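The values are calculated or read from the model by the stated rules, or taken from the named source; none is laboratory data. Keep in mind that what you see is a predicted model, and the values were worked out from it rather than measured. Don't worry about glycine lacking a Cβ; one is built from the backbone with ideal geometry, like all the others, and counts go over all protein chains shown. Accessible surface areas use protein heavy atoms only, side chains included; no ligands, DNA or RNA. Shrake-Rupley method; radii C 1.70, N 1.55, O 1.52, S 1.80 Å.
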There are 2 protein chains.
Amino acid sequence: MDCERTGAASSTADAENLAFDVFARACPSRGTLEHVTGKWGGLILGALHEGSFRFNELRRRVDGVSEKMLSQTLHALERDGLVHREAQPTNPPRVDYRLTPLGSAVAERLLALIYLVEDRMPEVLSAQERYDTVRAESGEAAGRATTAGRGGR
Amino acid sequence: MDCERTGAASSTADAENLAFDVFARACPSRGTLEHVTGKWGGLILGALHEGSFRFNELRRRVDGVSEKMLSQTLHALERDGLVHREAQPTNPPRVDYRLTPLGSAVAERLLALIYLVEDRMPEVLSAQERYDTVRAESGEAAGRATTAGRGGR
DNA sequence: CAGTATCCTTGCAGATACTG
DNA sequence: CAGTATCTGCAAGGATACTG
């Protein structure tokens, strides 16, 4: 599939299919985006945005990440050219990870999104409360929040 | 203990301007962020950024989404206050979805990230090529790319 | 320290059927 | 049209053990 920037810049007119190529299923940018927005990608990019870290430092910083996932995500990010890995063949080994300029640019956009969401959390929280209240009184017999409870993955 | 920072923002010079609580495991903003960056959240936000749509219009626009996932994601986004749902009790029923101002702001940041990644895809692609080449010649005997092949989420 | 290999659980997400 | 309910597969990702 082509990944041209078809109607990316908000083409309100074209209706039928995808307007955003990233969203096309077989697009390479989709993969990179998932490394970035994935469960651990954002965390790691965020941690690395503050400096350079060694493997286990990173592990401690990113709460809850397993060795496997850290290693895996780091490799994906390195392959995408967002993270630079510098290994010193000493004993014991020392490996430092840091963002590339591209990784830094990506991290900044991602962080902008994150901060926006955080700043607006009060709004989100009250919206959730309203939603739950309405659901509770109208859907009494329907039992608990069905499939929509929380969409997280 | 809700949204404490995990340590991600605590040690470097500019630590205090970063509030990384999203990264803490039991944080509500983490959930909202996942609705947004999740597999379908971005798609739907992107589609809705162009206007108002009915359920099945959305289904056609967002390539590959099932009724279930569309419904589920829409509910999560509505609950978070990012999407507004307007149902008309007519027959047949007509329901329109559109972004709230907050949803619009979020969609814009998300799109900024997406466009950045797209713009820089050439860099990403060449980085991947380099990575794969190096891996291929040095890791010949060490076995295949193991877990790192593609991070995929 | 810096990973890799393997097993196994969890729950996301797809397909299908049904309702108002 | 606009959803909900349910059953199920499959892969992401956690735990654990092992290596250089």
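Tally up the carbon and sulfur contribution to the accessible surface of region B:26-142 as a whole percent, 1.4 Å probe, everything protein left in place.
Working: 2710 of 5420 Å².
That fraction is 50 percent.
Ordered shortest first, which distances in nm separate the 7 Å Cα→C-beta label point of A:ALA136 from those of the other copies?
Values, ascending and in nm: 6.0.
Taking only protein heavy atoms into account and a 1.4 Å probe, give the accessible area per residue of region B:32-119 in Å².
40
Show me, for region A:78-94, the HN-Hα J-couplings you get by feeding each phi into the Karplus relation (A = 6.51, B = -1.76, C = 1.60, θ = phi - 60°), rounded to Hz, glycine and proline as x.
5, 4, 6, x, 9, 10, 10, 10, 10, 9, 9, x, 8, 9, x, x, 9
Between copies, how far does the label point of B:ARG98 sit from its twins, in nm, shortest first, when each point is 7 Å from Cα along Cα→Cβ?
Distances to the matching label points in the other copies: 4.9 nm.
Report, for A:LEU125, each distance to the same residue's label point in the other copies, shortest first and in nm; define the point 7 Å along Cα→Cβ.
4.6
Return the Rg/Rh value of region B:26-142, two decimal places, where both radii are evaluated on C-alpha atoms and Rh is the Kirkwood radius.
Computed over Cα atoms, the ratio is 1.16.
Quick check: the distance between the Cα centres of region A:81-141 and region B:39-96, to the nearest angstrom?
Here the two parts' Cα centres lie 24 Å apart.
Based on the mean of other beta carbon atoms within 10 Å per residue, what is the order of A:71-79, B:78-86, most packed first?
Highest-to-lowest ranking by the protection proxy: A:71-79, B:78-86.
Just the number, please: buried accessible area between B and A, total of both chains, 1.4 angstrom probe, nearest 100 square angstrom.
6800
With the contact rule set at Cα under 8 Å and sequence spacing of 6 or more, what percent relative contact order holds for region B:24-110?
32
Looking at region B:60-100, which residues lose a minimum of 30 Å² of accessible area between their chain alone and all protein chains in place, measuring with a 1.4 Å probe and not counting ligands or nucleic acids?
Those residues are B:ARG60, B:ARG61, B:ASP63, B:GLN72, B:HIS75, B:ARG79, B:ASP80.
Peptide B:118-129: average number of partner chain Cβ atoms within 10 Å per residue?
6
Pull up all non-local amide H partners of A:THR100: gap of 5 or more, or a different chain, and H-to-H distance under 5 Å with H placed in the peptide plane.
For A:THR100, whose amide H was placed from the backbone, the distant partners under 5 Å are A:VAL83, A:HIS84.
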